[in-house]
Every structure is written in C-alpha cells, then in structure tokens.
1. Within 10 Å of each candidate Cβ there may be at most 15 other Cβ atoms; applying that plus a DSSP loop requirement, which trypsin sites (Lys or Arg not before Pro) in segment B:219-306 survive?
2. Based on the Cβ-Cβ distance from B:K422 to A:I120, what FRET efficiency comes out when R0 is 60 Å, to the nearest 0.05?
3. Helix A:94-126 against the longest principal axis of chain A: what's the angle in degrees, Cα atoms only, rounded to the nearest 10?
4. Mind giving me the FRET efficiency for A:V137 and A:I43? R0 is 51 Å, r the Cβ-Cβ distance, nearest 0.05 is fine.
5. Rounded to the nearest 100 Å², what's the accessible area chains B and A bury against each other, both chains counted, probe 1.4 Å?
6. Nothing charged except the Cβ atoms of Lys and Arg (+1) and of Asp and Glu (-1): what's the magnitude of the dipole of chain B about its Cα centre? Round to the nearest 20 debye.
7. Go ahead and run the numbers for FRET between B:W410 and B:K78, Cβ-Cβ distance against an R0 of 22 Å, rounding to 0.05.
8. With 19 Å as the limit, write out which pairs from B:K108/B:K160; B:K100/B:K289; B:K319/B:K422; B:K78/B:K100; B:K78/B:K434 have Cα-Cα distances beyond it, or answer none.
Amino acid sequence: MSVTATTEPSGGSARRAVRPAPDQPKGGAARKKRRPPMGAPGIGWIAPGFILSVGLIYFCIVYSGYIATLDWDGMSPVRKSVGLDNFTNALTNKLFWGALRHTVIFYVCTFLGQTVIGFIFAALLQSKIKLAVVYKVLVFIPVVIAPAIMAPVHRIIFATDGTLNSFLRAIGLGHFAQPWLSQTSTALWVVILVQIWTSVGFGFILFFAAMGQIEPEVLEAARIDGAGNIRVLWSVVLPDVRGTVVVLAILNAIGSLKLFDFPYLLTAAGPAYSTDFLGTYIYRETAVMGHVGYAAALSLLLLVLAVGMSIIMSARGRERDKRKAVEADA
Amino acid sequence: MRTALRFRTVVAVAAAAALTITVAACSDSKDAATGDGTAATATGEGGDSGGSGADAASPDTASSVTGEVAWWGWTPDKDVGDNYITEFNKVYPNIKVTFKNFENTQYKPSLRAALAAGEGPDVWNVAPGGDTGGVVLYADYVEDLTQLATNWLGADFATKWTPGFSSNLTLDGKLTGAPLGGVAAGFLWINQTLFDQYGLSAPTTLDEWVDVCKTFADNGIICYGLGSGGGQTFASELLRVVLNSIDPDFFLQACQGKREWNEPIMVQAIEIMRQMQADGIIEQDTVGKIHYPDSNNDFMSQRAAMNSMGTWYAQYSRKSSAIASMEAAGVSNPEPFVMVPIMFPNLAGNDWTPQLFAEVDYGLAVNKDSKNKEAAEIFVAWLTMTEEGSRTVMNALDLTPSLVGVEADWDKVDLVDNAVQKPAIQELFGEVEKIAQVESRQKLQTAETLQALVVGVEQILGTNVDAQAIADQIQADATVSPLQP
C-alpha cells in the first residue's frame with residue numbers, strides 16, 4: 001500500500017507521480033477487487049457441453065436399458081419385450097463367464113507385465129546410460145502404433161511358418177514351434193503377450209516421470225545407509241511410485257473390460273471362443289448374430305462391472321491415503 | 001439487461017440443440033417401431049412409398065432416365081463390378097453407378113448401420129439367407145421387385161430364371177432382390193500349372209490326395225489352402241462336403257431340424273477331417289488363417305496348390321482378373337497360372353464322390369427409400385433381366401447368370417489357357433443350372449447354426465476336444481438362441 005511521492009526541487013512546479021504498488025490494482029487502493037462471476041452465468045457457459053456430454057452418456061445408458069428388455073435385431077420394426085430375460089440369459093451363459101474369465105486372466109497378466117517391465121525399464125533409463133533417448137523412443141513407439149497395423153504383423157510373427165517358429169528352428173528349438181494362434185491353449189497367451197508389448201511403453205513413461213520426482217537427497221541418504229541398487233528400488237523408489245502403480249491398475253482394469261481390438265484382429269475371438277472378451281462378445285451378438293437386445297444387456301453388465309471396480313479401487317485408494325496420513329501424524 | 005436476455009437465449013437454444021442432438025444421436029427412430037412409416041421418409045427407414053412396386057421402372061421409358069446409383073456388395077470383386085457398370089453404361093449412359101465392395105465380415109455391420117441411419121445405398125446385394133446378406137436381415141428396407149420383374153420379363157418372370165432362384169429371394173410374397181446369378185461350391189480349384197510342374201494328377205481318392213500333398217510339402221508348397229479362422233464359413237463348407245460324402249441328405253436335413261447334428265455321421269465326419277489334417281492335407285495352423293484373405297492369397301500367389309472356393313473363383317481363370325488378384329495377393333509382375341475346377345476326391349470310401357451344391361448366390365435389392373429409385377431399378381433390371389446384362393455376368397465368370405439359356409461370349413473371355421479351362425468351366429457352370437436347389441442352404445441356416453458350425457470346425461481342427469462332444473455342442477448351439485435356452 002505504499003505510494004511513492006516525489007517532490008520537485010523547490011522552485012519548480014509541484015508534480016506528484018503516483019505509481020501503484022505491485023500488490024495494488026491499477027486505479028488506486030480505494031477500488032474494491034472485483035471477483036469473477038461464478039454464479040448462474042458461469043453455469044450457462046458450460047451448460048451446452050455439460051448437457052451434450054452428460055445427456056449423451058446417460059440418455060444412451062437409459063436407452064440401452066430399454067433395449068436390453070427387448071428381443072430385437074436392431075433393425076426390425078418388431079420389438080418383442082422380454083423383461084429381464086436377456087440379463088438372466090447372459091448370467092447363465094457360459095460364453096459370458098468364459099469372456100469374463102479371459103478378461104481376468106488378461107488383466108492380471110498385462111498389469112503385471114506392464115508394471116514390472118515398465119518399472120525396470122524406467123529404473124534402467126534413470127541411470128546414466130548411453131543413447132538413453134533412443135531407448136526411450138524404442139520402448140514407447142509400440143504405444144503409438146495403431147492395433148490395426150500391428151495385428152497383421154503379429155499374425156505373421158506367430159503363424160506356423162512365421163517369424164517366431166523360424167527363429168526357434170534356426171536356434172535348434174524347433175520342437176517348441178507351435179501353431180500359436182490356431183490352438184486354444186496358446187492363442188490367449190499370444191494376445192496377452194502382444195498387449196504387454198504394446199503397453200509396456202506407457203507404463204515405462206509413467207514410472208520414468210514418477211521416478212524423476214523423487215528427491216535425490218532421499219536416494220543419497222539410502223546410499224549412505226549402505227543400500228544397494230535392488231534395495232533402493234524396492235524400499236525407496238517403489239513406495240514413492242505406488243501412485244503410478246494404482247493408476248496403471250485402474251487403467252488396465254478399464255482397458256481389459258472394454259478390450260476389443262487385438263482379440264478381434266489377431267484371432268477374431270477364436271479359436272472356439274478361446275480369446276473371447278466382453279468387447280468381442282458384445283460385438284458378435286450385435287453385428288453378427290443380430291441379438292441387439294441381448295448385447296445391450298451385456299453392455300449394461302459390462303458397465304456395472306466397470307463402475308463397481310472403479311468404486312472398489314477408489315475406496316481402497318482413499319483408505320490407503322487415510323492410513324498413510326495417520327501414520328504420518330503418528 | 002438486453003445483453004443478459006440475449007445470453008440466456010443463446011444458452012437456452014444451445015441447451016435445446018444439445019439435447020436434440022443427444023436424443024437424435026442415440027435414438028434409432030421410434031417410428032420404425034410403429035411401422036407406420038410416417039417419419040421413415042425423413043429418416044430413410046421405411047415408408048410405403050413405392051413399396052408395392054406399382055410404379056416400377058419400365059424398359060419402354062428407361063432410356064430417358066438419369067440419376068446416380070450407389071451399389072454395395074460383398075461380391076463381386078471391384079474390377080468385375082466396375083465392368084458390369086461399364087457395360088451397363090454403354091446402354092444407359094445417363095445413369096451413373098458406383099460400386100463399393102466390402103469384406104464379407106464388414107458388409108452386414110456397415111449396411112445395417114447405414115440403413116438404420118437412413119443413409120443406405122440405392123442398390124445392395126441380398127442372399128437367400130446366411131449371415132452376410134440374408135434377405136431377412138434387410139427385408140424392411142427393400143422395394144418389392146415383383147412389378148419390375150413383370151415389366152421386364154412378363155408375369156411368368158420366375159420361369160425365365162433358373163428354378164428356385166427367385167423363390168429363394170422372396171420373403172412373405174415380396175421379391176426382395178432380383179437374382180443376379182447362381183453359385184456352386186463343394187469342389188476344388190487346383191493350380192494346374194503346379195500340378196504339371198511336379199508331374200501330378202488330380203487326386204480322386206483320399207490316399208491319392210495324401211500322396212499329392214506329400215509331394216507338394218516336400219517342395220515347400222501348401223497342398224490345400226483352407227483358412228478356418230476369423231469367423232468365416234468356408235471351412236464349414238468342407239464339413240458339409242465331408243458329410244455329403246457319407247450321406248448326401250444329412251446336411252440340409254440337419255439344418256431343417258429333421259436330423260440331429262450329434263448323430264454318429266457327424267462324429268465320423270469330424271474324424272475324417274482330423275485325419276485329413278493329420279495326413280497333411282489340411283494345414284496344421286488352418287484355424288490361425290482366415291480363408292479371405294490368407295488362403296486366397298496363398299492360392300493366388302502360388303504358395304498353395306489347391307483351394308476350395310466356389311464357382312465365383314472362375315473369374316480368376318481370365319488373364320486380366322488373374323493378374324489383378326495375383327497382384328493383390330502380393331505378387332509383383334505376375335505370370336497368370338492355369339487354374340481348373342475338379343471334384344473332391346472320395347473322402348468316405350463310399351461308391352460316390354461328394355457332389356457340388358448349387359443355388360442362387362445373391363440378388364440385387366433396391367432401397368425403397370432411394371431418391372434414385374427408377375435409375376436403381378433400371379440398373380438392376382438390366383443386369384438380371386436382360387440377355388445382354390446376363391451375358392455380361394456370364395462373361396465375367398463370376399456367376400452363372402440367372403436368366404436361363406444365356407451362354408458366355410467366349411471370344412471375349414480371355415482365359416489363361418483356353419483349351420484346358422474352357423471345357424472345364426463350361427461343364428461346371430452347366431451343372432449349376434441342373435442341380436440348383438430349391439431348398440436353399442443359405443435360407444435354412446440360422447445365424448446360430450452358422451456360428452455353431454464355424455466354432456465346431458475351429459474345435460475340430462484346432463483342439464483335441466472329443467468328437468462326440470463337439471457334435472453335441474453344435475447340436476446345442478445350433479438350436480438354442482440366447483433368448484430361447
């Protein structure tokens with residue numbers, strides 16, 4: 001609130017130069033600071049987008065709920081109401097439970113793969129190694145390549161006369177060569193492997209960023225206390241990047257539930273439904289079989305699963321935060 | 001005050017617009033459910049305008065009609081479809097037709113979405129049944145072509161077409177599509193050039209087939225290209241051939257529910273197919289391959305010596321089509337090879353070899369809400385109801401034309417080896433007219449049955465699941481839909 005006043009040397013005309021202090025708004029201290037409007041006009045500005053997005057989502061959910069009570073092929077003017085039959089049929093259908101089982105296996109494996117490998121890559125590249133930027137790019141490139149481009153390449157790699165089997169034969173391991181995508185026993189693992197390969201870069205980049213936030217003094221203190229590399233990673237770095245692990249867990253869970261691209265492009269959910277997921281199941285029932293009502297019921301079950309899982313994970317996260325806060329206070 | 005009012009008005013209008021867009025985006029038009037067609041004209045989903053076909057195009061006035069027609073299909077190949085259009089435009093230059101070809105698996109989802117959105121094509125392919133173009137899938141959107149056929153062929157139009165062709169495209173008394181041509185499957189195409197190169201003859205028994213395959217395998221060539229994966233139905237056609245070789249009546253009877261899919265004959269067929277795989281006739285990773293494009297590319301690039309496609313494959317006997325399809329299969333500067341049709345060898349050791357099966361392949365439907373309906377009808381009528389249109393179809397060697405008694409203009413058909421291929425193809429196409437079935441397999445198979453057979457074949461050739469268990473599963477899935485457990 002200081003006002004700097006200078007007086008002209010005597011004899012001159014008095015002139016006051018007024019310069020507002022840095023913390024004072026122009027116009028003088030007497031004016032009150034105006035607050036940006038946050039009432040009805042603000043809501044008005046966001047209303048179109050809000051109505052569009054929320055309306056689109058919730059209206060479609062409600063509408064799907066209506067369709068889920070119909071026996072309808074999606075085109076015919078004849079829509080037969082079947083009540084909750086579509087839901088009971090889904091819950092008693094082995095294909096639904098098979099798709100769910102594949103989803104769980106897929107989730108566990110891809111989450112572990114992405115987390116462990118991403119963490120190791122990030123740790124390695126945090127150390128001073130040559131050509132680190134090149135390695136970062138190489139690890140991250142699969143994340144940005146479209147599945148539609150990668151899937152045909154992997155179909156060639158895992159074909160009976162493909163790259164992998166040729167490599168195995170070349171190094172004398174020909175007896176391990178398999179028709180990888182043609183067997184129910186191996187097809188799911190190929191899909192999982194391809195997904196891990198694709199997503200490791202994403203885990204890596206999150207871990208790399210998180211590790212960059214760790215105070216060097218903490219690491220230095222651990223070193224002074226005699227901790228080796230493994231011990232530092234396990235006891236210092238990993239606890240500090242636990243938030244990243246939780247983020248990956250949630251993202252992987254959501255991604256697994258809505259998975260469609262790789263199972264469809266690599267194996268078309270086969271052979272014999274061995275790589276069928278909820279996404280491919282819903283697509284097949286809708287587009288191929290024409291059971292749109294049944295597929296809508298499946299979609300709602302998928303929604304319930306996704307929301308339920310998000311609630312559980314968020315609740316677990318809050319509990320952990322509370323626990324940590326209590327520990328910190330103690 | 002005025003500014004505030006204007007702002008509120010803008011917000012209100014924006015909100016209303018957003019809500020309208022939301023509802024419109026999610027809704028699939030309630031009016032479709034009412035079936036009254038009142039809103040259908042606007043959405044392109046229905047309406048009875050012209051549905052009876054009473055104002056169908058006539059040959060008398062066709063020459064003065066202009067318009068643009070969009071045609072969608074999963075077949076023929078783009079070059080063949082474009083050739084049909086070129087020939088059509090020689091007669092009707094004022095009607096512009098564009099053809100869009102889809103992969104089999106993408107056709108139904110694309111067309112259903114377009115029709116539901118009121119943005120469907122003017123003309124599209126329909127089949128008697130099946131999962132791709134079955135008439136029942138699109139019947140609500142098609143014009144009844146009875147009057148059109150009457151105008152161009154007379155009241156007895158059905159007799160002008162191969163028997164069964166029009167009836168298999170008729171639904172509830174409505175001619176949903178004009179049959180373009182017939183197709184036959186249940187036989188093999190062989191690369192005669194490769195057979196000659198290795199001194200081999202077409203096999204007639206299972207043992208001979210094993211020997212042929214051994215020779216090809218020793219030379220790094222796939223013997224019999226068969227893709228069983230990807231949800232396509234080609235491998236279930238092989239299952240039908242094997243079943244026919246045991247009991248020619250079983251397959252259609254099982255489709256009709258007169259026989260059970262888990263009868264001993266099915267188990268026997270499964271064991272024959274597995275033996276064919278164990279003997280090296282069927283590839284080990286057949287389930288990892290998709291017939292189109294994988295096995296097609298194997299054959300067209302001469303990596304495979306045999307393939308079980310249908311009559312539509314005859315088009316690749318033509319030099320120009322062979323070169324185009326070989327290039328599409330990844331061959332640079334291709335030298336077209338000689339391909340000829342042969343019957344399947346005797347697979348079950350009976351006294352007969354399995355016969356091919358034939359029926360109408362597809363017809364052309366006209367969108368009853370097309371803005372260029374008259375032009376669309378003229379295009380359809382010319383291809384399916386005139387001799388010159390039918391000859392164009394025949395010359396392409398893609399289908400046997402629906403109109404009876406039409407011969408190819410063989411002088412215009414540029415076969416790779418006229419002496420070898422012409423008699424073989426003439427014989428094959430002649431058979432279609434003779435044996436075309438009134439009971440359409442496509443029409444009899446439900447989506448559930450097709451899916452059950454596709455998955456069953458994947459289990460046969462990709463797993464060690466017990467044969468009886470596979471047959472039981474096919475029986476269960478073929479007859480049970482999710483709503484009728």
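The values are calculated or read from the model by the stated rules, or taken from the named source; none is laboratory data. Nothing here was measured: the structure is a model prediction, and the numbers come from that model. For neighbour counting, all protein chains shown are included, and Cβ atoms are generated from backbone atoms with ideal geometry for every residue, glycine included. Note: areas computed on protein heavy atoms with side chains; ligands, DNA, RNA excluded. Shrake-Rupley method; radii C 1.70, N 1.55, O 1.52, S 1.80 Å.
1. On the way: sites: B:R240, B:K258, B:R259, B:R274, B:K289, B:R303; in loops: B:K258, B:R259, B:K289, B:R303.
The qualifying sites are B:K258.
2. Rounded to the nearest 0.05, the efficiency is 0.35.
3. For A:94-126 against chain A, the angle is about 50 degrees.
4. Values: r = 45 Å, r/R0 = 0.88.
That pair, A:V137 with A:I43, gives E of 0.70.
5. Summed over both sides, the interface buries about 3900 Å².
6. 1560
7. 0.35
8. Checking Cα-Cα distances, B:K108/B:K160; B:K100/B:K289; B:K78/B:K434 exceed 19 Å.
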